[in-house]
There are 2 protein chains.
Amino acid sequence: MSTGELVGFKSYRARIEVKLKSGYLDPEGETSRKALVDLRYKVNRVGTAKVYEIDLQAPSLEEAKRQVDEMCMRLLANPVKDDYAFEVKEMK
Amino acid sequence: MSTGELVGFKSYRARIEVKLKSGYLDPEGETSRKALVDLRYKVNRVGTAKVYEIDLQAPSLEEAKRQVDEMCMRLLANPVKDDYAFEVKEMK
């Protein structure tokens, strides 16, 4: 058992990507686009997204996925303006 | 030719991921970790990264990749503290 692992729990790594729903203005992306155009690049659009890589412990993969979905809804994504997607895998 | 496309240029989409080099403290990830632990999740670590999706025009895939690498070094990533990776594909 690796250090800090709870009895009956396994270690999982989740990768979550959070981005604005289509139709929402992305001011950070737009600012980057303008800066790149100023640097003479032919850039039409810049969109941004945030990635969270989370190491967590859970009793099963299904439970880990359920928890990660809940984390997105409760904390990491704003359900009004954000879309999110994630994948979870067991760690060796 | 699609609207706004330059003669002799093709449209490409780049996906760039920028994250802190290993060893650098990630305060945003650490703040998220503490918040998730407060919500009773068994979270050991949270790392964050930024994704840029860039639509650009360039004469060739090789030139598009060269420009995107240059954009990372000049604007999007901090070479002292960030690692970055990207992929570029031609758009239909």
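The values are calculated or read from the model by the stated rules, or taken from the named source; none is laboratory data. Note that the coordinates shown come from a computational prediction; the quantities given were computed from them, not determined experimentally. Every residue, glycine as well, gets a Cβ built from its backbone with ideal geometry; the counts of neighbours run over all protein chains shown. For the accessible areas, the whole protein counts, side chains as well, though only heavy atoms, and no ligand, DNA or RNA atoms are used. Shrake-Rupley method; radii C 1.70, N 1.55, O 1.52, S 1.80 Å.
A few comments on the model shown:
- Point-charge dipole on Cβ atoms (K/R +1, D/E -1) for region B:12-90, about Cα centre, debye to 20: 480
- Mean per-residue shielding of peptide A:49-62 is 5, counting Cβ atoms of other chains within 10 Å of each Cβ.
- Angle between chain B longest axis and helix B:61-71 axis [Cα atoms, degrees, rounded to 10]: 50
- A Förster radius of 30 Å combined with the Cβ-Cβ distance from A:L39 to A:A85 puts the calculated FRET efficiency at roughly 0.45.
- Largest GNM mean-square fluctuation across A:L39, A:L25, A:L75, computed for chain A with C-alpha springs under 10 Å, falls on A:L39.
- Taking amide H as placed 1.01 Å from N in the peptide plane, the amide H of A:N44 sits under 5 Å from that of B:D55, B:L56, B:Q57, each at least 5 places away or on another chain.
- Counting only protein heavy atoms and a 1.4 Å probe, region B:6-81 has 55 square angstrom of accessible area per residue.
- Flagged links, alpha-carbon separation over 21 Å, of A:K81/B:K65; A:K19/B:K92; B:K10/B:K92; B:K10/B:K65; A:K42/B:K10; A:K89/B:K42: A:K81/B:K65; A:K19/B:K92
- For the pair B:L25 and B:D69, label points projected 7 Å from Cα toward Cβ lie 3.4 nm apart.
- Packing here is the average count of other Cβ atoms within 10 Å per residue, and on that basis the peptides A:26-36, A:12-22, highest first, run A:12-22, A:26-36.
- For the residues of B:33-42, the average number of beta carbons from a partner chain within 10 Å of their own beta carbon is 5.
- Within the accessible area of region B:12-90 (1.4 Å probe), percent carbon and sulfur: 50
- Separation of alpha-carbon centers, region B:37-92 and region A:1-65, rounded to whole Å: 11
- For chain B, the residue among B:P59, B:G29, B:N78 whose Cα projects farthest onto the positive side of the dipole built from Cβ charges is B:G29.
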